[in-house]
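Here is the structure we will look at.
Values in this text are rule-based calculations from the coordinates and carry no lab data. Note that the structure is predicted; figures quoted are calculated from it, not measured. As a convention, Cβ positions derive from the backbone with ideal geometry for all residues, glycine included, and neighbour counts pool all protein chains shown.
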């Protein structure tokens, strides 16, 4: 088992990574002092696969448990769905000693975490991620949110999970497309913090795609370490340090919104990384070989690096200006200042942005 204890100003998160953790959730919670009711939030894809095992473990540990299942997809990250969860919590008389447990991917943990942060001004929160994207990114850092029609994650709160219990065996039921989409965030972490890890992705490509347990555990553990190192320095994204995790996301979020959240988050992040790298080269902070190394890593796993149809530039601009990373009506872009290093720019010329966006029209 890999175990990490991450100390935040808002509390400690215990991360455990090991095959079989799903069957010991109840024991993990009671050992950590959780004694109240547990609301398990999952989706229609994950619940049939894993909720029975999770609930059995919780109930065997003496924890009264309720399951709430939502429709898969980012459309469930909404105030309407959050309201339905509040209704469930109210009907079940969930008190301040209760726990909201997210069993699923990033959408489920974002939604469940937002509800946990706001129900009675904050109740316990535990994440059992079941997708690679959630394993390596969404489960770490305490960002919770729902979407608004104006953009992604505009309504949210910081609320650290007390525990993240990651069972890589859950990835065996993941579609190949979803597994690959999760690698978008992993490659992002490597590009901004660890060039050796970027090369590691290519070296271990076959083992990753074959879902070999030791390799997946190593992949997840390194990602958690990178993200935890960044987040602990800037938990609420006030000092500009945590902002580096948005590499590829400014354009990625705009593309997600433009396509009605029908494309995978990691796929849109991959496209955003392509634009950010091209912008970095255009502004002189990244050389061509480094750009190719990132692009070739994305391509090696089948992540998208271009679009099949013309990019609606005006629509993308509108989404960009609704993004949370706009400051004083100036767009902020996280760019590479060489592999493993970042720089944040709010002075990107419109012509440079247009040239970078043109990189997607392959």
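List of remarks:
- Between 66, 297, 130, the Gaussian network model of the chain with springs among Cα atoms under 10 angstrom shows the greatest mean-square fluctuation at 66.
- Shape category assigned to segment 2-173 from the gyration tensor of Cα positions, a/c cut at 1.5: rounded
- Rounded to 0.05, the FRET efficiency of the residue 8 and residue 35 pair, given R0 = 25 Å and the Cβ-Cβ distance, is 0.65.
- Remark: the Cα gyration tensor places segment 57-131 in the oblate category, a/c being 1.5 or greater and a/b not exceeding b/c.
- Among beta bridges that DSSP assigns inside the chain, antiparallel share in %, nearest 5: 45 percent
- Relative exposure of 244, 224, 2, judged by other C-beta atoms within 10 Å (fewest first): 2, 244, 224
- C-alpha center-to-center spacing [segment 235-254, segment 72-144] in angstrom: 21 Å
- The angle between the Cα long axis of helix 79-91 and the longest principal axis of the Cα atoms of the chain comes to about 10 degrees, rounded to the nearest 10.
- Once both labels are positioned 7 Å from their Cα atoms along Cα-to-Cβ, the gap between residue 84 and residue 172 label points is 3.1 nm.
- Cα gyration tensor shape for segment 4-98, rounded if a/c is under 1.5, else prolate or oblate: rounded
- Put in line by how crowded their Cβ is, counting other Cβ atoms within 10 Å and starting with the fewest, 1, 163, 107, 120 read 1, 120, 163, 107.
- Percent RCO, i.e. relative contact order, over segment 2-173, from Cα pairs under 8 Å lying at least 6 residues apart: 26 percent
- Axis angle, to the nearest 10 degrees, between helix 288-300 and the longest C-alpha principal axis of the chain: 40 degrees.
- Label-point separation in nm, residue 209 to residue 52, each point 7 Å along Cα→Cβ: 3.3 nm
- Degrees separating the helix 265-282 axis from the principal Cα axis of the chain, which is the longest one: 30 degrees
- The ranking of 51, 186, 175 from fewest to most other beta carbons within 10 Å of each one's beta carbon is 175, 51, 186.
- Segment 260-317, relative contact order [Cα under 8 Å, separation at least 6], %: 35 percent
- Modelled spin-label separation between residue 259 and residue 199, with each label point placed 7 Å from Cα along the Cα-to-Cβ direction: 3.2 nm.
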